[in-house]
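S.K.: Pasting a structure here, questions to come.
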Amino acid sequence: MTPPPYAIAAALEAARRSPCAKSQRGVCIYRPVQRGRGAPAGVVATGFNGEPDHSCAAADVGRAIAAGYHVPPERLALATRCREACGKRCNHAELRAIRAAAAATGKSDGFLDLEAVHVKLGPTSEGGKLTVGLVAGGGPSCWQCSREVVDVALGGFWLYEAGRVDLVDDAVSAIEGPIVKLVEMPHPPRWRRYSAAEFHRATLEACGLTLEACGLTLEAFAP
């Protein structure tokens, strides 16, 4: 199962407009099925992020609800300091896409009828030629974005994830007899869909921020 091609294409187009030198990311929020006459399926408006000059407002009413891309909020020198500070200085594609979707739909939460596609651009081979295209990333890992995803109750979140790597036994012939060693067996990348709650939970686990990891229990928050 994969997200619809038009949503992937919109997210990729947003990512291509990102000036971020560290990692070009794009997000498209779309409606998978029609919800009445005023809420058709598909991407019904587009929006993209940029420098904080209000140019990132939702625009170009068309087929997408929202598309955002990941950039630093200011123009930074493409240097080591930029890369080190990126995680703290950047407006992430997910956050900007959610804001644009809220503006396009006139609501700030209750996004159960909407889903999001996140993409990452990188070097890839197409027809034997090196180009820039969709590449697999890791699983959920950004707590700033996951808390927004669960807060607006997004219906689903798609990631193109790298396949896991298994270690398998491999017998190698030798004079003394076969020698068994472990070799890596990679699995191909795949699209994976998360509910908002699953996305947030997986992020907290990856960041070591679950209640258990923090030494807390639900009782600690009881009135």
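The values are calculated or read from the model by the stated rules, or taken from the named source; none is laboratory data. Quantities reported herein were computed from a predicted structural model and do not represent experimental measurements. In this analysis, Cβ positions are derived from the backbone assuming ideal geometry, glycine residues included, and neighbour counts consider all displayed protein chains.
Rundown of residues vs (1) touching a Phe, Trp or Tyr at 6+ places or on another chain (Cβ under 9 Å); (2) assigned to a strand (DSSP E or B); (3) acidic (Asp, Glu); (4) modelled with pLDDT of 60 or more, yes/no style:
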| residue | (1), (2), (3), (4) |
| --- | --- |
| Ile29 | yes, yes, no, yes |
| Gln34 | no, no, no, yes |
| Arg37 | no, no, no, yes |
| Ile98 | yes, no, no, yes |
| Gly110 | no, no, no, yes |
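S.K.: Let me ask another. Consider segment 113-160. How many of its residues are assigned to a loop (DSSP other than H, G, I, E, B) and over 17 Å from Glu94 (Cβ atoms)?
M.R.: Residues of segment 113-160 assigned to a loop (DSSP other than H, G, I, E, B): 113-114, 127-128, 135-136, 138-142, 152-155.
Remaining after also requiring over 17 Å from Glu94 (Cβ atoms): 113, 127-128, 135-136.
Total satisfying the criteria: 5.
S.K.: If Gly133 satisfies all but one of (1) exposed (fewer than 10 other Cβ atoms within 10 Å of the Cβ); (2) modelled with pLDDT of 80 or more; (3) not hydroxyl-bearing (Ser, Thr, Tyr), what's the number of the condition it fails?
M.R.: (1)
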